[in-house]
Amino acid sequence: MSNSLKNLADNPSGSIFIDMDAKRKRVDKLLSDKWKIERELEQIQANCKHENTVIKQVTDETSSLPRHVCESCGRPLGYLSPEQAKDFLEKS
């Protein structure tokens, strides 16, 4: 059976909008889940005491820089001094 005939058999109305509607619902669900996860992560990071820090590469929209990062929650906490950055890059 060809794909178009199979799709018609799976979708008796023959409407492509049903498939699009199902995809849109899935996208909406994923975006909602992403929003919830981001809020939970923000809450964990806000309540963290940031007792142990490490230096890691942190990527944002435009660049990737070594930063001080909380070892427990992963939150970037600050930028390195020029000397720290030089030492970090020499060790990498």
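The values are calculated or read from the model by the stated rules, or taken from the named source; none is laboratory data. Keep in mind it's a predicted model, so treat the numbers as computed, not measured. Positions of Cβ are generated from backbone atoms using ideal geometry, with glycine treated the same way; all protein chains shown enter the neighbour counts. Side chains included, ligands, DNA and RNA excluded: accessible areas come from the protein's heavy atoms. Shrake-Rupley method; radii C 1.70, N 1.55, O 1.52, S 1.80 Å.
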Considering only protein heavy atoms, with the full assembly of protein chains and a 1.4 angstrom probe, order Glu38, Glu90, Glu51, Glu61 by accessible area, largest first.
Glu61, Glu51, Glu90, Glu38
At a 1.4 Å probe radius, which order do Lys36, Lys23, Lys91 fall into by accessible area, largest first?
Lys91, Lys23, Lys36
Between Leu30 and Ser92, what's the calculated FRET efficiency when r is the beta-carbon distance and R0 is 41 Å? Round to 0.05.
0.75
Using a 1.4 Å probe and ignoring any ligands, DNA or RNA, find the accessible area of Leu41 and quote it in Å² to the nearest 10.
80 Å²
Just how much of His50 is accessible, in Å², when a 1.4 Å probe is used and the result is rounded to the nearest 10?
50 Å²
What's the local net charge at Ile44, with K and R +1, D and E -1, over the other residues with C-beta under 15 Å away?
-1
